[in-house]
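The structure appears below as structure tokens.
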Amino acid sequence: MRKEPFAELNPDAILNCVEAASGRRLLNVCRPHSSYINRVYELQDENGEFVIVKFFRPGRWSASALEDELQFVNDCAEFDIPVVPPFPQSDGAFLGNYKDISFALYPKCGGRLVDEYTDEQWLELGRLLGRVHAAGATRQAYARNKLHPLKTTRSQVDYILEHKLVSDSLIAQFSTITDKIINEITVDFESVENIRIHGDCHSGNLIYRPGESFYIIDFDDMAVGPAVQDIWMLLPGIYEDSRVELSLLLEGYETFRPFDRRTFSLIEPLRVMRYIHYISWCGWQFLEDGETRIDDSFGTFNYWQKEIGDLEDQLQIIKKEHAAL
């Protein structure tokens, strides 16, 4: 029977772990926060200060990859970018370990999500991403994923097939369409600048603090890849329908860093890579504990039929764009 990876984390264990790591005396407060992959808890010390502890799911990232994540956030903080950096533990390190579970400690930082951005907020978000990418370009992250069809996408497709997640009668169809996609888009990634990026830059990872600014949070999926990945995920629709928002984003962005507009051609390839990434992520999450489905229909024949259809549609969009070049 599969062992629950966080089975050792009960309130007493969490409080004792964080007291030892932080050197603080804690009150008997241990509030869980929502998280699909990791385990996050809000604690409080005897001075009334709140501490957030994030336990990273074992097996998802290596210690080196987690250190790359924390380094990127700290680099952003050194550039005075509004992020929530971890604070050093008693031994001076930012990454701790409790019974083979890595963890980090953070200050509490509240804020609210914004449903629709004003023109000024689009400009502000552009400036924020320009600064994040300027920090991202200052060093490499060798242990993180590189967004490339022959690397991340190929490995995700292989994972799906090797773990027999696809309905038997649709395996050949899924394998064929993903091979066609990878072959079609690989050329688009030649000679593209790759830097450290957030990797999952949607509106849910941007919190607004009135009187301050937007904060960019949750670098859990940070990667090395083209800057446009963090741009297109914020757009309210497809490229053709988002020209005003994109123009404002880039006006703000280029206050701090030039943007290569030729990489607009990567938006639809990156979108289909995101489709495959999400399918793989759902499969990984399901296999990890045997029951969690991000999508209730995951694994059914109808699920795979729809996903294959979406992949085929996206391939046609990409082919049409390629033909127009």
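The values are calculated or read from the model by the stated rules, or taken from the named source; none is laboratory data. What you are looking at is a predicted structure, and each value in this text was computed from that prediction instead of being measured. Quick reminder, even Gly has a Cβ in these numbers, built from the backbone with ideal geometry, and neighbours come from all protein chains shown. When the accessible area is computed, the model is the full protein with side chains, heavy atoms only, and any ligands, DNA or RNA have been set aside. Shrake-Rupley method; radii C 1.70, N 1.55, O 1.52, S 1.80 Å.
Using the Karplus equation 6.51 cos²θ - 1.76 cosθ + 1.60 (θ = phi - 60°), what ³J(HN,Hα) coupling, rounded to whole Hz, does each residue of the range 123-135 give in order, writing x for Gly and Pro?
With coefficients 6.51, -1.76 and 1.60, one gets 4, 5, 5, x, 4, 4, 5, x, 5, 4, 6, 4, 5 Hz.
Calculate the length of the line joining the C-alpha centroid of the range 1-45 to that of the range 148-196, in whole Å.
Answer, in whole Å: 37.
Excluding the sites themselves, what is the longest stretch of the chain that contains no GluC sites (Glu not before Pro) in a DSSP loop with at most 13 other C-beta atoms within 10 Å? Numbers along the way, then the final one.
Numbers: sites that count: Glu46, Glu49, Glu116, Glu190, Glu193, Glu212, Glu254, Glu291.
The reported range is 117-189.
Once the Cα atoms of helix 63-78 and of the chain are each reduced to a long axis, what angle between those two axes, in degrees from 0 to 90 to the nearest 10, is obtained?
Helix 63-78 and the main axis of the chain meet at about 80 degrees.
Out of His148, His133, His163, any idea which swings most in a Gaussian network model of the chain, alpha carbons joined below 10 Å?
Taking springs between Cα atoms under 10 Å, the residue moving most is His163.
If you build a Gaussian network model of the chain, linking Cα atoms that sit under 10 Å apart, which residue out of Ala104, Ala172, Ala21 swings the most?
Ala172
Once both axes come from the Cα atoms, what is the angle between helix 171-185 and the longest principal axis of the chain, in degrees from 0 to 90, rounded to 10?
Orientation of helix 171-185: about 90 degrees from the principal axis.
Just subtract the alpha-carbon distance of Phe50 and His322 from 0.36 nm times their residue separation and send over the number in nm, one decimal. Write down the numbers at each step before the final one.
Numbers: separation 272, 0.36 × 272 = 97.92 nm, distance 5.20 nm.
Roughly 92.7 nm would be gained on extension.
At 1.4 Å probe size, with every protein chain present, just tell me what the per residue accessible area of the chain comes to in Å². Write down the numbers at each step before the final one.
Values: 15960 Å² over 325 residues.
Value returned for the chain: 49 Å² of accessible area per residue.
How big is the range 161-242 on each of its three principal axes, counting only the C-alpha atoms and giving the largest first in Å?
So the three principal-axis extents are 56, 32, 28 Å.
Kindly provide the helix-only [θ] at 222 nm of the chain, computed as the sum of -39,500 (n - 2.57) over DSSP H runs of four or more divided by all residues, to the nearest 500 deg cm²/dmol?
Details: 9 runs with 133 residues, N = 325.
-13500 deg cm²/dmol, from helical runs alone.
Using a 1.4 angstrom probe on heavy atoms only, work out the carbon and sulfur share of the accessible area of the range 96-167 in %. Don't skip to the end; give the middle numbers.
On the way: 1700 of 3680 Å².
Carbon and sulfur: 46 percent of the exposed surface of the range 96-167.
Using only Cα atoms and rounding to the nearest 10 degrees, what angle (0 to 90) does helix 267-289 make with the longest principal axis of the chain?
50 degrees
Could you work out what % of the accessible surface of the range 203-254 is carbon and sulfur, using a 1.4 angstrom probe and leaving DNA, RNA and ligands out of the count? List each step's numbers first, then the result.
On the way: 900 of 1940 Å².
Solvent-exposed carbon and sulfur of the range 203-254 make up 46 percent of the total.
Taking the chain as a Gaussian network, where each spring joins two C-alpha atoms under 10 Å apart, which residue of Asn205, Asn38, Asn183 fluctuates the most?
Sorting by GNM fluctuation, first place goes to Asn183.
Semi-axes of the chain's equivalent ellipsoid from the Cα gyration tensor, sqrt of 5 times each eigenvalue, largest first, rounded to whole Å? Intermediate values should be presented prior to the final figure.
Numbers: eigenvalues 231, 145, 57 Å².
After scaling each eigenvalue by five and taking roots: 34, 27, 17 Å.
Could you give the dipole magnitude of the chain about its Cα centre, charging the beta-carbon of Lys and Arg +1 and that of Asp and Glu -1, in debye to the nearest 20?
Numbers: 33 positive and 52 negative charges, 103 e Å.
Here the chain has a charge dipole of around 500 debye.
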